[in-house]
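Notes follow once the structure below has been shown.
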Amino acid sequence: MNIMVIGCGKIGATILSNLVAEGHDVVAVDNNPDVIAQITNMYDVIGVCGNATDCEVLEEAMVSKAELVVAVTGSDEFNMLSCFLAKRMGAQNTIARIRNPEYNDRSLGFMKQQLGLELAINPELMAAKELYSILKLPSAAKVDTFSVRNFEMIELKLKPDSVLNGMKLMDLRSKFNANFLICAVQRGDKAYIPDGNFKLESGDKIGLTAAHSEISKLLKKMGILQKQARNVMILGGSRTSYYLAKMLTSSGNSVTIIEKDPRLCEELCEAIPKAVVINGDGAQQELLLEEGLNSVDAFVALTGMDEENILVSSFAQSKNVPKVIAKVNRDELIPLAEHWGLDSFVSPKKLIADILVKYARALENSAGSSVETLYKVMDDKVEVLEFSVKSDFPKLNIPFKELKTKPDTLFAGIIRDRKTIIPTGEDMLLSGDKVIVLAANQRINNLSDILK
């Protein structure tokens, strides 16, 4: 598919990387010649240097042939205008990065309609939503949600004292008397879609799926359920911090934000009057302790520097804060952070890349199903996809035990009439179902790809 990406900063470069890996033909547009030179050296893309609100630049980038245009510069207004012009000049679909809370709070639907946008993406808001989900279920390192929260996949890392150590997967349901499925395991650098004979070990990262209502009950039976984080300290006054603090205070949580920019502190005080905003350098350990680090339920590091987020999070962990989460955009730093004992991270650029990959796959084909959600888990080694099953899917009403599926793939869940089903061999797909599929070390474009 022909795709144009406007703006090649951190998020743009990550989107480019993922789309090229998917096999798309990508044109990169940026007004900085050094950025274009770097991008074209790193990736197999066409680079165009110039202003994407200039019609001649868009013509040079072959906008009329673009099946998708994605604008992710640092300016909301520039992104909206470039998408508007691209659509007028023949682009089929347009997506703009729109981050300003004023646009996202009230007028977004109207602007999308007037500008002809198919999608507006907000990395900071998406990151805040993911953080909020983890803080509501702090036992999990990561929480991925499907179909309006009816079905969830959580990631857990097995500690040395875990009751799951040494257990075979086939024995788990009877032991805990719960409806769940361990559908993915990462051990070291390898990811597995395990069968019933797979034996769990300390240090494994597991992906566990269940209905939302079942998750807490199951974690309690396993002895690893942590209470929801009610008292939260946030380091950094970024847009992500704003969105997260607004969600938390609206739910009755106590929130303290530490930010060293006085002007930003004033803006946060005005925008979120229920939050406590401290003007100070959160990298100073004494300040964190003075503001009650030892008594909070969770600490979330959201500064613009990955290294600072990791270091201060490690300090919070050393003070036995029950839940610590760090924003880390650079993938190469995550193994270091994990070595220091951190296990929960959020990456806005990765969230957006997953959305764009999903959207591009949905545009490419339908084949009796359409992809509605896509997550990359287990350090991107496993894909989790949610498909809507259409009436022309060729394998309707056939029990799973009679279907031949490819290795390292799995039907992990069905959502039917808002009811969650953890499938057995007797279950089958019906038209209108939503089905969750896992695939390790391979790409699934549509539901038929899982079948032999």
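The values are calculated or read from the model by the stated rules, or taken from the named source; none is laboratory data. Bear in mind that the values here come from a model prediction, so they are computed numbers and not experimental data. So basically every Cβ, Gly included, is an ideal-geometry build from the backbone, and we count neighbours across all protein chains shown. The area values use the complete protein model at the heavy-atom level, side chains included, leaving out ligands, DNA and RNA. Shrake-Rupley method; radii C 1.70, N 1.55, O 1.52, S 1.80 Å.
Which one of these is among the acidic types (Asp, Glu), open to solvent by 60 Å² or more (accessible area, probe 1.4 Å), in contact with a strand residue (DSSP E or B) (Cβ under 6 Å, 6 or more places away or on another chain) and without any contact (Cβ under 8 Å) to a residue 24 or more places away in the chain: GLU60, GLU56?
Answer to the check: GLU60.
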The stretch 414-437 - residue that is under 22 Å from ARG173 (Cβ atoms) and among the polar types (S, T, N, Q) and, of those, surrounded by the fewest Cβ atoms within 10 Å (Cβ to Cβ): THR424
Pairs, first of a type in the set (A, V, I, L, M) in the stretch 304-317, second open to solvent by 10 Å² or more (accessible area, probe 1.4 Å) and assigned to a helix (DSSP H, G or I), C-beta under 8 Å, six or more apart: ILE310/LEU333; ILE310/LEU336
Sole exception among (1) under 20 Å from GLU155 (Cα atoms); (2) open to solvent by less than 10 Å² (accessible area, probe 1.4 Å) for ASP331, by number: (2)
Residue list for the stretch 70-91, restricted to those being farther than 14 Å from LEU58 by Cα and open to solvent by 30 Å² or more (accessible area, probe 1.4 Å): GLY74, SER75, GLU77
Wholly within the stretch 36-145, helices (runs of 4 or more DSSP H) carrying at least 3 residues that are touching a helix residue (DSSP H, G or I) at 6+ places or on another chain (Cβ under 8 Å) and either at positive phi or modelled with pLDDT of 90 or more (or both): 76-88, 123-136
Residue within the stretch 37-51 that is within 22 Å of ALA120 (Cα to Cα), over 21 Å from the mean Cα position of the chain (by Cα) and open to solvent by 20 Å² or more (accessible area, probe 1.4 Å) present: yes
Exclusive hit being open to solvent by 60 Å² or more (accessible area, probe 1.4 Å), part of a loop (DSSP other than H, G, I, E, B) and either in contact with an Asp or Glu (Cβ under 7 Å, 6 or more places away or on another chain) or modelled with pLDDT under 95 (or both), set GLY282, GLY237, GLY304: GLY304
Scan of the stretch 163-205 for residues that are assigned to a helix (DSSP H, G or I), of a type outside the set (D, E, K, R) and surrounded by 14 or more Cβ atoms within 10 Å (Cβ to Cβ), ordered by number: LEU169, LEU172, PHE176
Selection count where residues are buried (at least 20 other Cβ atoms within 10 Å of the Cβ) and out of contact with any Gly (no Cβ under 6 Å at 6 or more places or on another chain), scope the stretch 140-151: 5
